[in-house]
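Structure first, commentary second.
Read-outs throughout are calculated quantities, based only on the coordinates presented, and are distinct from any laboratory measurement. Owing to the predicted nature of the structure, the values given are computational and were not obtained by experimental measurement. So basically every Cβ, Gly included, is an ideal-geometry build from the backbone, and we count neighbours across all protein chains shown.
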Amino acid sequence: MHFDSFSAFLEMGGYGFFVWLSYGVSLLVVVAFIIYIKLDKRKLITEVRAQAARKARIQQAKEQSKA
């Protein structure tokens, strides 16, 4: 192993702050992106359901006007 102790591993030769900060920022971006995707998917599903309901109402109104 390249490091003598766990604290040396965390310090990474004086660059630990930057290394762990970059990991933290990367993790934050990935988590935020996953949350955004899930929220956007939920919004899209809601919009598709609303559009399908609207089409059904229009079709029903057309059928009633013909009868």
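Enter the angle in degrees (range 0 to 90, nearest 10) between the Cα long axis of helix 16-66 and the first principal axis of the Cα atoms of the chain, meaning the one along which they spread out most.
Its long axis makes an angle of about 0 degrees.
For every helix of n ≥ 4 consecutive DSSP H residues, a contribution of -39,500 (n - 2.57) applies; sum these over the chain, divide by its total residues, and give [θ] at 222 nm rounded to the nearest 500 deg cm²/dmol.
Working: 2 runs with 57 residues, N = 67.
About -30500 deg cm²/dmol.
Using +1 at the Cβ of each Lys and Arg and -1 at the Cβ of each Asp and Glu in the chain, identify which of TYR23, SER65, ALA8 lies farthest towards the dipole's positive end.
About the Cα centre, the residue reaching furthest to the positive side is SER65.
Relative to the present Cα-Cα distance, how much length would full extension add between LYS55 and SER7 at 0.36 nm per residue of separation?
11.0 nm
With charges set only on the Cβ (+1 for Lys and Arg, -1 for Asp and Glu), what does the dipole of the chain come to about its Cα centre, in debye to the nearest 20?
On the way: 10 positive and 5 negative charges, 232 e Å.
Taking the Cα centre of the chain as origin, the dipole is about 1120 debye.
Quick one: compute a quarter of the convex hull surface over the Cα atoms of segment 6-65 and quote it in nm².
Numbers: hull surface 19.3 nm².
Value for segment 6-65: 4.8 nm².
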